[in-house]
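All remarks here apply to the structure that follows.
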Amino acid sequence: MTTGSPDGPAPLTDRVRTALTSVVDPEIRRPITDLGMVRSVDVHDGGRVTVGVDLTVAGCPMKGTLVRDVTAAVEAIDDVTGVDVQLGVMTPEQRQALRSQLRGGAGDPVIPFAQPGSLTKVYAIASGKGGVGKSSVTANLAAAMAADGLNVGVVDADIYGFSIPRMLGVDRQPTRVDSMLLPPIEHGVKVVSIGMFVPEGQPVVWRGPMLHRALEQFLADVFWGDLDVLLLDLPPGTGDIAISVAQLLPGSEIVVVTTPQAAAAEVAERAGSIATQTSQGVVGVVENMSWLEQPDGSRLEVFGSGGGRRVADRLGATLGTQVPLLGQVPLDVAVRAAGDDGTPVVLSDPDSAGARVLRDVARALAGRSRGLAGLRLNLSPVTG
């Protein structure tokens, strides 16, 4: 019990407000008291409490969660006999103040991951061609990192072939707070994709400038918060989006996904070699669909063998640095089924062969130091 003095407990109103500091907005991930969402606290005779909460927008999809969490926090206080939550909506002035607060006082949107002080590791998951499982790898890496307690975001930058929402089980749009978007969170991962904004089955027919602008909005207009890792699921090849990522996120690094097949490996090598022109680093190579485990324990190499190692070695020679083969993910029905169901295999079947490899790759990437590109080093020249 919170006490205000040695003589007895603090007033019930004060204890309610203290309890509300533990209620976190499910989209912004900050206490509702810090966000100015608690409009009022009224204590009535007999210990019944009414809490006024202002939502960021009228149609807030998480209002049920907020009501539940506020009720639970206040009901746990001694002397409270009942709780009523009265929902309201922030005024335009309140929303403007909130946007400014979330952007650190900056009025205009900026890309936080491109700022000199950013400590977020940014990985662009790339492939030379489609069909190698790049999006599946991205979704599982994100879910595995989040399960390990990291703050993780995913940008589905594959504008034409978006699939991240399905693979992560996201079925709603971001919440719009005027010009700011609050991304949906699923499996602990913040996600944004063009697939959240277009009707099912409708193609996206855009050229380069529109693709660049869409990516820029995903990075600047979305409130990502303090992320440990941001993953970008790139479209196959070395087109406009890959170039835009390098321009907008100069500190980003590339993870190349390939299959063992020689034809896929040759194309994947080109996707990684873009780093020679964009000054990005290549973190490593993930070989997907490496083999199919047989009932007798043998391995059936459906797509051949050695493609991942060849890509890593050739990229290393091209870039003049060691490029590791981060992992070989076996061809696993569980990986495919989990992606279709919206729960990545690292969560739904964590002991499966594919999940173990993907989890190891996720931990290897999460454990790397953030690159020095774009960081202020606070060094001064010495004269003498």
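The values are calculated or read from the model by the stated rules, or taken from the named source; none is laboratory data. As the structure is a prediction and not an experimental result, all values here were calculated from the model. Here the Cβ is made from the backbone with ideal geometry for all residues, glycine too, and neighbour counts use every protein chain on show.
Miscellaneous remarks
- Criterion applied to V170, V177 was being in contact with a Pro (Cβ under 6 Å, 6 or more places away or on another chain) and buried (at least 16 other Cβ atoms within 10 Å of the Cβ), and the one residue passing it is V170.
- Some residue of the stretch 326-334 being touching a Pro at 6+ places or on another chain (Cβ under 9 Å), crowded, with 16+ Cβ neighbours inside 10 Å and without any contact (Cβ under 8 Å) to a residue 12 or more places away in the chain: no
- Yes/no for V110 being in a strand (DSSP E or B) and either within 29 Å of P31 (Cα to Cα) or in the same structural domain as R356 (by TED's automatic domain parsing) (or both): no
- Scope the stretch 235-294; condition surrounded by fewer than 21 Cβ atoms within 10 Å (Cβ to Cβ), in contact (Cβ under 8 Å) with a residue 40 or more places away in the chain and among the charged types (D, E, K, R); matching residues: E253, E266, R270, E293
- Residue, surrounded by the most Cβ atoms within 10 Å (Cβ to Cβ), within the stretch 63-93, restricted to residues that are over 27 Å from the mean Cα position of the chain (by Cα) and part of a helix (DSSP H, G or I): V74
- Counting residues in the stretch 307-320 that are under 24 Å from the mean Cα position of the chain (by Cα), closer than 26 Å to F113 by Cβ and crowded, with 21+ Cβ neighbours inside 10 Å gives zero.
- Of all residues in the stretch 38-62, those satisfying the criterion of being among the hydrophobic types (A, V, I, L, M, F, W, C) and either exposed (fewer than 13 other Cβ atoms within 10 Å of the Cβ) or not in a loop (DSSP other than H, G, I, E, B) (or both) are V38, V41, V43, V49, V51, V53, L55, A58.
- Taking helices (runs of 4 or more DSSP H) as the structural unit, those lying wholly within the stretch 114-224 and holding at least 3 residues that are farther than 29 Å from A264 by Cβ correspond to 208-220.
- For the stretch 192-232, a tally of residues being free of Cβ contacts under 8 Å to residues at least 40 places away in the same chain and either surrounded by fewer than 19 Cβ atoms within 10 Å (Cβ to Cβ) or touching a Gly at 6+ places or on another chain (Cβ under 9 Å) (or both) returns 15.
- Every residue from the stretch 346-359 that is under 21 Å from V256 (Cβ atoms) and out of contact with any helix residue (DSSP H, G or I) (no Cβ under 9 Å at 6 or more places or on another chain): V357
- Selection within the stretch 60-83 - without any contact (Cβ under 8 Å) to a residue 12 or more places away in the chain and either closer than 20 Å to V177 by Cα or not assigned by TED's automatic domain parsing to the domain that holds R29 (or both): G64
Residue-wise test of (1) part of a loop (DSSP other than H, G, I, E, B); (2) assigned by TED's automatic domain parsing to the domain that holds M167; (3) among the aliphatic types (A, V, I, L, M); (4) modelled with pLDDT of 95 or more.
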site	(1), (2), (3), (4)
A271	no, yes, yes, no
T276	no, yes, no, no
G284	no, yes, no, yes
G297	yes, yes, no, no
T318	no, yes, no, no
A334	no, yes, yes, no
G339	no, yes, no, no
R359	no, yes, no, yes
